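The structure appears below as C-alpha cells.
The values are calculated or read from the model by the stated rules, or taken from the named source; none is laboratory data. All values derive from a computational prediction rather than experimental measurement. So basically every Cβ, Gly included, is an ideal-geometry build from the backbone, and we count neighbours across all protein chains shown.
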Amino acid sequence: MKVRIGIDVGGTFTDVVVIDSESRALVGQLKFPTSHDAREGVALGIVTALERAMQQFNLRPDDVSFIAHSTTQATNALLEGDVANVAVLGIGSGVEALLAKRATRIPPIELAPNKFLTAAHSFINHHTSIDAAIDALKNNGAQVIVASEAFSVDRTAHEERVVTKAQAAGLRATSGHEVSSLYGLRVRTRTAVINAAILPKMIATAEMTDACVKSSGIAAPLMIMRSDGGVMSVDEVHRRPILTMLSGPAAGIAGALMHERVSDGIFIEVGGTSADISVIRDGSPVTRPAKLNGHRMYLNTLDVRTLGVGGGSMIRASKSEGKVIDVGPRSAHIAGLGYTCFADVKELREAEIEFMQPTASDADDHVILRCKDGKGYALTTTCAANLLGLVKAEHFAFGKVEAAQIAFEKLAEFFHRRGTEVAQRFAEEVLEIGGRKVAKTIEELVLEYQLDRERVILVGGGGGAASLVPFTAKLMNLDHRIARNAEVISPIGVAMAMVRDTVERNIVDPSPDDILKVRREAAEAAINAGAVADSIEVQIDVDKRRNLVRATAMGTTELRQRDNRQQTQGVEHCQEVAARSMRLEPNEVSLAAEVGNWLVFTGAQKFSSLFGLITTRREMLRVMDRSGVIRLQRGTAQIRTCVLPQLPAEIADVVERLTDFGDAGRAIPDIFVMYGSRLANFSGLADLEQVLVLSEVELQSLDPATKLIVIACPK
C-alpha cells in the first residue's frame, strides 16, 4: 500500500495522519505535544511524529509516496520578534538612483508590542564594489542581505550578482524579484525584508527535517504547506519562506477542499482557543494581499478571519448581574483546566462554582468548578453544546451530558436559580454569545464577497467544530455540516494538498500573448516547486483596474487523475443531492447536460407576491461530478454542448449574449468548459480574445470528437 503522510504542527499539538494514496481513505492518526523548547525546535516534533507513524502503521520507507507538513514557525517568529539581522543593499544609477535610494530604505516594522524589525541600509551604483559594501554590512552585524533594485522584475542580473556575492561571504541572501514580480520598489523591498528576517530559522528547520526524512530511507521529497493552501519543496523554502505564513489555517482549508470536497461554502475550523473562518468559492479558497501590522506586502494569502472563540472558550459571568457576560478569548487549555463535560460525574457532584483569573492579564470573572481534591474544570462552549444535544456521538467534542448538566445547574444555583430548564437557558446564552461572534464575521464575508446567502453552507472542521458550528448555523438560518474526520482535517489537508504557485505581472492592456507568457511562468514555477508537468492546471485572473495579470498553477507530485479515485454515484443520487442544494424536490430538478465525469442540473424556485398575482422564478444551476459532489453552483446560466471544433463559435455566441455593459465597463460572462474529468475555469478573463486563446491552449491535445459542455454565467 502506498500512503501519503501529513503532519500539522499546531501551537499545542502536532497531528499526523496516514492516507491511502489510491482510495484517499484515512489509514490512521496520531497526536503529540508540539516541541517548542527543544534544541531542534518544531523539527523534533515533526520527526518524532513521522517515526512513530512509521512504527505504528508498520510502514516501510518505499510505502511513502508523499510527505508534507504545515508549520506556524514563520508566523510565530514574526509575532515573537525572533528574527535575523537584515540589511538592504539598494542598487541604482543616474536619476533612477535618487528615488531608489529612498524607496529601498525601509522604516522599522513593528512585529509585536515593543518588538521591531529594523533593517540596516546601504546603497551602491552599478560601478561600486559589491564586495566592499557586503563586508561593511557584515561587519555591522548583518546576517541576511536583501538586494533590491528598481525594475528588477525585468532585469534581474544586478540583484542576482549581489545575492551570489553575499552567499560567498557566508551570509544568507534574498532579492526583490525573488519574492515578487510586481512593480512597486518600496513594497517589494519591504516584502523581501520580511522574507529575509525569517530565512535562517526556516532554512535550518527545513534542512533538519529534510535530512531526517532522507535518513529514514523515504525517497519522496519533503513538502511544506504554503499560505495559499498548496505545498512547496524544501528548495523553495530556501528562497521564499515567507510563503509559509498562515500555513496552519491553510492546512484546514486544503482539507475542506481535497477531503471534504467543498466547492462553495464558508469553512470554520474550530480549535480549543480560536476559530478560523474562510470562504471557498468555485472550488478555490479566496485570497487577499497580506499585511503585517498594517504594512502591505506583495504576498497573497488565504483570507482567514481568526476569532478568539473556540471549543474550549471559558465562560465569564457577572456576580452582581447574575448572568453570563462573555465567552472567551481565554480557553481552558491556556488556563491548564479540563472541560466539565469530560470530567468524572462523581467529582462534579460535590464541586463548587468558583471565579478565577486564568492569567495576570485576565479579569477575575472566569467561571470554573472546583472539586474537593482541588482540581478545577472549566465551563466551556463544548460543555454547553453537549448539554443542548448539539454534539453527536460521532463528533470529537462528544462528552458527558450528565456532567455538563451538573455544571450548568451549579452555575444556576450560584445565581439563586434552579432547574434543568434554567441550566439549559444558561447554556443557550453561552452559545449565543459565542455564535454571534462567528455570525458577525460570516455576515461580513457574505457582504464582502457578494455571496448568495441562499447557497451559503457552513462547513465545520477542527476538534471543536460541533461546539459552535451547529448553533451558529441555527442562529443564521443556514445549512451546515461537520466535516468527516473533522478533528484531523488540517493534517489531512496537508497530506492531500497539491503543489501550487502564483505568478503576478503588472501589464497594461495585456494581449493574449502576454497572458500566455504569465501562464507558462506559473506552470514552470509549479514544476520547480515539485509538481509533475502533465498534472498542472492553470487559473488566470485579469484585473484591468489594477493592470494585474495573475496565473495560479496547481499540480500533483504524482501523475494521477484526482476525480477517477472517487466512487461513482448514479444519476438519481446526484439529482437528489442537487435538489437538496436547491431546496427543491428531486422531480423539480432536470439533468440539462452530461459529459465524462460531469452532470449539469437545473431548477428554479418560484415566489409569489401580491396575493399570488405575480410569480417570479429564481433559476439555479449545479455542476456535479459523478461522485455526487457539487463542484460549481450558479444562478442564471447558458448551457451549451458541442465538440471541439465548434467551441470557439459557442464561446463567442454566449459572450455576445451575456456581456454586461455597466458602470464598471464591459464585463464578459464567467466561462467554464467541462470534458472528461476536467473543469476548465476561464472566469477570470477580461475579453473574448483572451478566452479563445487560452481555451485553445488548454484543449489543444484533445481529440476533435471530444464532447464538451460550455457554461456561461453573467457577472
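Data overview
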| read-out | value |
| --- | --- |
| Qualifying position, being of a type in the set (Asp, Glu) and touching a helix residue (DSSP H, G or I) at 6+ places or on another chain (Cβ under 6 Å), among 160, 178 | 178 |
| Single condition residue 465 does not satisfy, out of (1) surrounded by fewer than 22 Cβ atoms within 10 Å (Cβ to Cβ); (2) closer than 29 Å to residue 384 by Cα; (3) aliphatic (A, V, I, L, M) | (1) |
| Selection from segment 529-542 of residues that are over 22 Å from the mean Cα position of the chain (by Cα) and not β-branched (Val, Ile, Thr) | 533, 534 |
| Residue tally, condition in contact with an Asp or Glu (Cβ under 8 Å, 6 or more places away or on another chain) and not in a helix (DSSP H, G or I), over segment 160-178 | 2 |
| Filter result (touching a Ser or Thr at 6+ places or on another chain (Cβ under 8 Å) and among the hydrophobic types (A, V, I, L, M, F, W, C)) within segment 293-323 | 297, 299, 302, 304, 307, 309, 314, 315 |
| In segment 349-367, residue surrounded by the fewest Cβ atoms within 10 Å (Cβ to Cβ) [restricted to those that are touching a strand residue (DSSP E or B) at 6+ places or on another chain (Cβ under 6 Å) and touching a residue at least 40 places away in the same chain (Cβ under 8 Å)] | 352 |
| Residue selected from segment 511-520 under the condition in contact (Cβ under 8 Å) with a residue 40 or more places away in the chain and touching a strand residue (DSSP E or B) at 6+ places or on another chain (Cβ under 7 Å), by the criterion farthest from residue 693 (Cα to Cα) | 519 |
| Selection within segment 137-159 - surrounded by 15 or more Cβ atoms within 10 Å (Cβ to Cβ), free of Cβ contacts under 8 Å to residues at least 24 places away in the same chain and over 13 Å from residue 180 (Cα atoms) | none |
| Residue under evaluation residue 423, criteria (1) touching a residue at least 40 places away in the same chain (Cβ under 8 Å); (2) part of a helix (DSSP H, G or I); (3) buried (at least 17 other Cβ atoms within 10 Å of the Cβ), criterion not met | (1) |
| Matching option when the condition is farther than 22 Å from residue 545 by Cα, part of a strand (DSSP E or B) and outside the structural domain of residue 535 (by TED's automatic domain parsing), among 680, 705 | 680 |
| Residue ID - farthest from the chain's Cα centre (by Cα), chosen from residues in segment 649-677 that are part of a helix (DSSP H, G or I) and surrounded by 16 or more Cβ atoms within 10 Å (Cβ to Cβ) | 650 |
| Qualifying residues in segment 124-149 (those that are part of a loop (DSSP other than H, G, I, E, B) and either touching a Gly at 6+ places or on another chain (Cβ under 9 Å) or of a type in the set (D, E, K, R) (or both)) - the one nearest to residue 92 (Cα to Cα) | 125 |
| Within segment 440-534, helices (runs of 4 or more DSSP H) holding 3 or more residues that are closer than 24 Å to residue 226 by Cβ | 489-496, 512-528 |
| Identity of the residue in segment 687-705, within 16 Å of residue 538 (Cβ to Cβ) and of a type in the set (Gly, Ala, Ser), that ends up modelled with the highest pLDDT | 695 |
| Test: residue 394 is in a helix (DSSP H, G or I) and of a type in the set (D, E, K, R) | no |
| Residue in segment 623-637 that is crowded, with 18+ Cβ neighbours inside 10 Å, touching a His at 6+ places or on another chain (Cβ under 8 Å) and outside any strand (DSSP E or B) present | yes |
| Any hit, segment 630-653, residues being in contact with a Cys (Cβ under 6 Å, 6 or more places away or on another chain), more than 30 Å from residue 545 (Cα to Cα), modelled with pLDDT under 90 and not assigned by TED's automatic domain parsing to the domain that holds residue 685 | no |
| Segment 352-379: number of residues that are among the hydrophobic types (A, V, I, L, M, F, W, C), within 22 Å of residue 323 (Cβ to Cβ) and in contact with a helix residue (DSSP H, G or I) (Cβ under 7 Å, 6 or more places away or on another chain) | 5 |
| Strands (runs of 3 or more DSSP E) wholly inside segment 283-376 that include at least 3 residues being aliphatic (A, V, I, L, M) | 295-302, 313-318, 323-331, 366-370 |
| Whichever residue in segment 509-533 is of a type outside the set (Gly, Ala, Ser) and touching a Gly at 6+ places or on another chain (Cβ under 8 Å) and, among such residues, is modelled with the highest pLDDT | 527 |
| Test for residue 315: is it of a type outside the set (Lys, Arg), under 27 Å from residue 255 (Cα atoms) and surrounded by 16 or more Cβ atoms within 10 Å (Cβ to Cβ) | no |
| Where a residue in segment 475-498 is touching a residue at least 12 places away in the same chain (Cβ under 8 Å) and its partner, wherever it lies, is in a helix (DSSP H, G or I) and surrounded by fewer than 20 Cβ atoms within 10 Å (Cβ to Cβ), with Cβ under 6 Å and at least six apart | 475/439; 476/439 |
| All positions within segment 683-702 that are over 29 Å from the mean Cα position of the chain (by Cα) and not in a helix (DSSP H, G or I) | 687, 700, 701, 702 |
| Sole exception among (1) closer than 23 Å to residue 284 by Cβ; (2) modelled with pLDDT under 95 for residue 666, by number | (1) |
| Residues that are polar (S, T, N, Q) and more than 18 Å from residue 265 (Cα to Cα), drawn from segment 486-513 | 502, 506, 511 |
| Qualifying residues in segment 397-420 (those that are part of a helix (DSSP H, G or I) and among the small types (Gly, Ala, Ser)) - the one nearest to residue 467 (Cα to Cα) | 404 |
